[in-house]
Amino acid sequence: MKLFRRQQRSLFGEILDWMLTPLLLLWPISLALTWLVAQGLANKPFDRALEYNVQALAQLVSVQQGRVQFNLPQPASELLRADDADTVFYQVRGTGGEFIAGDRDLPVPVEETRPATGEVRLRDDELRGLDVRVASTWVRFTPPAPGLPQAQVLVQVAETREKRSVLAAEIIKGVMLPQFAILPLAVLLVWLALARGIKPLSQLEARIRARSPDDLSPLDDKTVPMEVAPLVSSVNGLLARLQDSVATQKRFLADAAHQLKTPLAGLRMQADLAQREGTSTEELKQSLQQIGLASVRATHTVNQLLALARAEGSGAAFATQSCDLAELTIAVVRDSVPRALEKRIDLGYDGAAPGTPGVRVEGHPTLLQEMVRNLVDNAIAYTPSSDDRPGIITARVLPDPFGRVILLQVEDSGPGIPESERALVFEPFYRVLGTGVDGSGLGLPIVREIARLHGAAVALDDAHPGQTPAGTRCTIRFTLPAAA
């Protein structure tokens, strides 16, 4: 019943139950087996005595002049019946079942085949309301002349079972009484052994409890039993993930504070300039313009930091769905067209159409759009353009069903990234010098983190090798599962 069920399971109690329950169930079975064995042991010596007695009586049977004779001396009869605990009966019957001597009401054995001469058979029977043990044998005599029938005489000796019961009871008491003392001792030893066996768990719990809140170092899995080692390894994995999460949060806070310091300082300075006495209308407008630019820069930085934190914090709780990568890329390109037109940049899509076989990936649509948007925004920001020489940016999705890969590419006609700095641009806040472009240095780190979450690889190379400017091509390679 649930009313008596404990809300929290006890490992100690459950193991103790599984150890003691079989022990307590086997104990009565052991007692029953002991009783059966004691009965067998008690029967053996008395059965031998019965066999000896029936064989001794069989030697007193003879055939004279064709008649069966049984001569039992008086001392032998008195000795046969001289037993303080049990009553002994005997019987002798002839070939036709006629009674010759002994106790007339002793039952005759029901046998399909008579045993060989001298063979003694034992059985349990009842005589005058008493349980008796009976030994019987057939004595056969050679006929005096050919053609005459063979004389067969049945000799039986029966004995009540008092001595057997007393001996069996003594054996049972001798075996069972020590068990009554051993059973509580066994329960105590099981209790102590189990308490000692789970002691390492208590020690592990004490070590964890004694740790400081900021101590996320792994637990020592060498000092715990082999069965507990997987649990400690899992806890160490959780601690490692927690440490990474804490480090990510700390890095995010430090990066946010560092990146917001400059635009906020500019806002404060422009506000102070606007509040000076004698400030002209033109100077006030200029200060307001600078405040607007600084606020836009701060908003962009905050959005980039939030995008990076969202990408880094997805982790094991990352939920995926089937996404059409071509459709997502076209949507981002369409949204970025107004900004590209402001800079006189030719922005377009040149790749597989939505719905084409092989363009679907398992991922998070919002994060994938954020990844494409950062690639397109970076290309727009770093691609110079003029009426004479407009910049060109092309996004494309290239499926390869046979190789089970999808390529997402964004290439531009900008100055390109030197090969020595292509690994550095994926670090947060790193920016190539000499570009003259205002940015936060978080676009490509966001791209790399989202690609990592989707099991994709990011590579940078020249869009137009051997030309000046060489441009930049960013390629993200998605690997599809074999079932796709």
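Grab the beta carbon distance between Ala193 and Gln59, set R0 = 45 Å, and tell me the FRET efficiency rounded to 0.05.
After rounding, the FRET efficiency stands at 0.10.
Taking all protein chains together and a probe of 1.4 Å, list Thr137, Thr142 from the most accessible to the least accessible.
Listed by decreasing accessible area, they come as Thr142, Thr137.
Tell me the Kirkwood hydrodynamic radius of the stretch 130-251 in angstroms, computed as one over the mean inverse distance between distinct C-alpha pairs.
Radius from the Kirkwood sum: 23.0 Å.
Leaving ligands and nucleic acids out of the surface, order Thr472, Thr21 by accessible area at 1.4 Å, largest first.
Per-residue accessible area, sorted high to low, gives Thr21, Thr472.
Rank these by accessible area, largest first, 1.4 Å probe: Glu411, Glu111.
Putting Glu411, Glu111 in descending order of accessible area: Glu111, Glu411.
Output the Cα-based Rg and Dmax of the stretch 175-219 in Å, rounding Rg to one decimal and Dmax to a whole number.
Cα-based Rg and Dmax for the stretch 175-219 come out at 19.1, 62 Å.
With a cut-off of 19 Å, note down the residues of the stretch 82-106 whose backbone N falls inside the zone around a label point 7 Å from the Cα of Thr117 toward its beta carbon.
93-97
Along the Cα→Cβ direction, 7 angstrom out, place labels at Val337 and Gln39. What is the inter-label distance in nm?
10.0
So how much accessible area does Trp191 have, in Å² to the nearest 10, using a 1.4 Å probe?
120
For Phe180 and Asp214, compute 0.36 nm times the residue count separating them, minus their Cα-Cα distance, and round to one decimal in nm.
Length gained between Phe180 and Asp214: 6.7 nm.
The values are calculated or read from the model by the stated rules, or taken from the named source; none is laboratory data. This structure is a prediction, so every number in the text was calculated from the model and none was measured. Neighbour counts run over all protein chains shown; Cβ positions are idealised from the backbone, glycine included. Accessible surface is based on the protein model in full, side chains and every heavy atom, while ligands, DNA and RNA are left aside. Shrake-Rupley method; radii C 1.70, N 1.55, O 1.52, S 1.80 Å.
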